[in-house]
Every structure is written in C-alpha cells, then in structure tokens.
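For reference, the structure is listed below as structure tokens.
Please treat every number below as a calculation from the coordinates, not as lab data. Only a predicted model underlies this, so the values are computations on that prediction, with no experimental measurement involved. Cβ: placed from backbone, ideal geometry, glycine included. Neighbour counts: every protein chain shown.
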Amino acid sequence: MSDLLSLVPSPLVDRRYAQALFDLVQELGYIDNVEKVLAAFLVVLDQEKDLKRFVQNPFFSAQKRVEVVYSVCENIGFSDEQAGRVIRNFLRVVAVNRRFSALPGIFRAFQHCVALSRGEAVVQIISARPLNADQKEELRAALKGVVGKKILLRISVDPSILGGLIIRSGSSQVDASLVARLSSLKIALEKEVS
C-alpha cells in the first residue's frame with residue numbers, strides 16, 4: 001500500500017496518519033466498518049460547524065476532544081467493538097501528537113487510500129451549484145469511459161466558479177469553470193489590444 005500513498009492528494013501529514021490507520025485496519029480486517037464510520041463522521045463534521053470548531057480548537061484538552069469525537073463515532077455505530085477500539089486508540093495518537101485539527105484531512109486521505117486499494121479512481125468535482133442524481137450518474141459514466149475504472153465522486157459546491165465544473169483526479173485537473181473561461185477570454189482580449 002505504501003506505493004499508493006503518493007497518489008493520495010492530501011498534505012503529507014494527513015497521508016501518513018491515513019496510511020497508518022489504513023495499514024492497521026486492513027491487517028485486522030476492519031476496513032469496511034471503519035470506512036463507514038469515518039465517512040459518516042465527515043458528513044456530521046461538515047454539517048455541524050460547532051463540532052468542527054471544537055475538534056480543531058487547541059484550547060480544549062486532547063482528552064476531551066478524543067472523548068467527543070469518539071462519542072460521535074460511537075453514535076454513528078460500530079458493528080464491531082474491536083474496530084471501535086482501533087478508532088479510539090487512533091484518535092488518542094492523533095490528539096497526543098497535536099494533529100487533531102488535521103482530522104478531517106486525515107479521514108479524507110484514509111477514504112482515498114481505501115478507494116485506491118479497491119482499484120477505484122477518486123475524482124473531485126467542484127460545481128457552482130449542487131448536482132442532481134442524473135448529472136452525477138452522467139459524470140460518473142463519462143469519467144469511467146475515460147479512466148476505465150469505477151469512479152468514486154467527491155462533489156463539493158463553490159458558487160465562486162460561477163458555472164461549469166472543475167474536475168480533479170490525482171495530479172490532473174480540468175478547469176471548465178465559467179471563471180476560467182472568462183479569465184482566458186480576458187487574457188486573449190488583452191493580447192489583441194496590445
């Protein structure tokens with residue numbers, strides 16, 4: 001798996017912690033359970049801004065942050081007590097090393113490691129507006145045709161791109177946003193004028 005680590009588009013610290021967690025849960029056979037819990041945790045973290053601020057706030061003790069994050073994960077549901085113990089110990093290590101603010105990135109890098117180990121291509125889509133189910137499926141099918149792998153979409157919304165999409169996979173990016181097109185047009189017009 002260490003050769004896949006370089007393919008994860010996250011800061012090095014996030015990738016190292018994600019790699020350690022991935023290696024451990026893969027060896028113990030807990031990948032599916034841990035992935036499910038961490039994916040649900042990321043959804044909760046994105047929805048609950050107070051929780052996100054709490055997790056990233058160094059003024060709260062590491063132990064308190066571990067307890068709160070573990071409690072949230074526990075409420076999401078572990079189907080295996082051993083997997084819960086692994087996550088709790090992992091959270092302690094992250095807290096002791098003062099990397100709790102990196103937790104969302106670590107969890108996303110972990111998800112990326114899991115997808116890569118399954119032979120899936122992880123593609124980040126940035127859209128000006130939320131995509132409906134048909135649009136997502138159309139994108140997934142088109143990308144699968146290009147990449148030749150199952151596509152795992154990570155979709156985010158950024159109204160500042162005005163329209164279109166930005167598509168990222170690994171170190172490749174296609175910027176088909178309206179902002180990029182307008183910027184290109186501006187540069188072309190400036191060249192014509194000068």
Taking the 0 to 90 degree range and rounding to the nearest ten, how far is the long axis of helix 12-28 tilted relative to the main principal axis of the chain, both from C-alpha atoms? 50
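Gain in length, Ala141 to Asp46, computed as 0.36 nm per residue apart minus the alpha-carbon separation, to one decimal in nm?
Details: separation 95, 0.36 × 95 = 34.20 nm, distance 2.70 nm.
Here the segment from Ala141 to Asp46 would lengthen by 31.5 nm.
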Quick numbers on the chain, Rg and Dmax over C-alpha atoms in Å, give 19.3, 69
Too long for a 31 Å Cα-Cα cut-off, among Lys52/Lys136; Lys36/Lys136; Lys36/Lys149; Lys64/Lys150; Lys150/Lys191; Lys52/Lys186, are Lys64/Lys150; Lys150/Lys191; Lys52/Lys186
Where Rh is the Kirkwood radius over the Cα pairs of segment 120-192, the temperature 4 °C and the viscosity 1.567 mPa s, what D in µm²/s does Stokes-Einstein return? 98
So, with points 7 Å from each Cα along the Cβ direction, the Arg88-Val157 label distance in nm works out to 3.8
If R0 = 30 Å, then Glu27 and Ile76, at their Cβ-Cβ distance, give a FRET efficiency to the nearest 0.05 of 0.85
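Would you mind calculating the gained length between Lys36 and Arg181 on full extension (0.36 nm times residue separation, minus the Cα-Cα distance), in nm to one decimal?
48.4 nm
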Where does helix 103-117 land angle-wise versus the long Cα axis of the chain, in degrees 0 to 90, nearest 10? 80
Once the Cα atoms of helix 81-96 and of the chain are each reduced to a long axis, what angle between those two axes, in degrees from 0 to 90 to the nearest 10, is obtained? 70
